[in-house]
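Okay, structure first, notes after.
All of the numbers you see were taken from the coordinates with simple rules; none came from a lab. Keep in mind it's a predicted model, so treat the numbers as computed, not measured. We place every Cβ from the backbone using ideal geometry, glycine too, and count neighbours over all the protein chains shown.
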């Protein structure tokens, strides 16, 4: 498939484009600074600034089958990147007839009653941004979405074993998150689903097949 990854030069994004390339997909790696991307087979870089308007960004794209939104400002640009940047990309998907949309989000992004936990205070503003973006995706679009809610990201290679939803725990290696994102489009069971994940003891394919 032809796959667009928005946020390709982030920690998860760089792992994701490598996973997708290894699955023999053609990847368009979109980022504000494409010169920072590592050169990979079957990956083309694209300058894609989420501050630009929908029409400008739409003209840069053609023949896309799937969009991944994994961009994140790490607290520096929450409104224009994490919230409305995501919404713009959804608008572009609908404008261009691209139905499959995979969004990386935050654990409990849709459950604000859980944000007061001391463990989540540092992520409060990020969760607010993702709350609005995720709700827009679910309720204001007709896209075939999957929202992956990752618990705390830590550096580390993929183990290929995860836990999902009620079994999920407190942290994810970045490698596992990227592997799950890449696997989502191979599982019809992930369509129209919000999935919370962490590292765990179940293989990725088995966990996603159980949905």
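For this structure, a couple of remarks:
- Sorted largest first, extent of the stretch 127-203 alpha carbons per principal axis (Å): 35, 28, 20
- Take the Cα of residue 80, step 7 Å toward its Cβ, do the same at residue 209, and the gap between the two points is 4.6 nm.
- Each Cα pair under 8 Å and six or more residues apart adds its separation to the average, and for the stretch 90-196 the resulting relative contact order is 30 percent.
- Mean Cα-pair separation over length for the chain, i.e. relative contact order, pairs under 8 Å, 6 or more apart, %: 18
- According to the Cα-based calculation, Rg over Rh for the stretch 99-171 is 0.98, with Rh computed by the Kirkwood formula.
- Per-q log10 I(q)/I(0), the stretch 54-133, q = 0.14, 0.24 Å⁻¹ (Debye; single scatterer per alpha-carbon; no solvent): -0.50, -1.10
- Here the stretch 176-211 is scanned for amide nitrogen atoms under 11 Å from the site 7 Å beyond the Cα of residue 161 along Cα-to-Cβ, giving 200-204.
- Nitroxide proxy distance, nm - points 7 Å out along Cα→Cβ at residue 170 and residue 39: 4.3
- For a label point 7 Å along the Cα-to-beta-carbon line of residue 96, residues of the stretch 4-44 with backbone N under 17 Å: 4-9, 17, 25-34, 43-44
- Mean Cβ neighbour count within 10 Å, used as a protection proxy, ranking 178-188, 147-157 highest first: 178-188, 147-157
- The fraction of Cα-Cα pairs per 5 angstrom bin, counted from 0 for the chain, comes to 1, 8, 16, 21, 22, 18, 10, 3, 1 percent, rounded to whole percents.
- In the chain, the calculated helix contribution to ellipticity at 222 nm averages -9000 deg cm²/dmol per residue, counting -39,500 (n - 2.57) for every DSSP H run with n ≥ 4.
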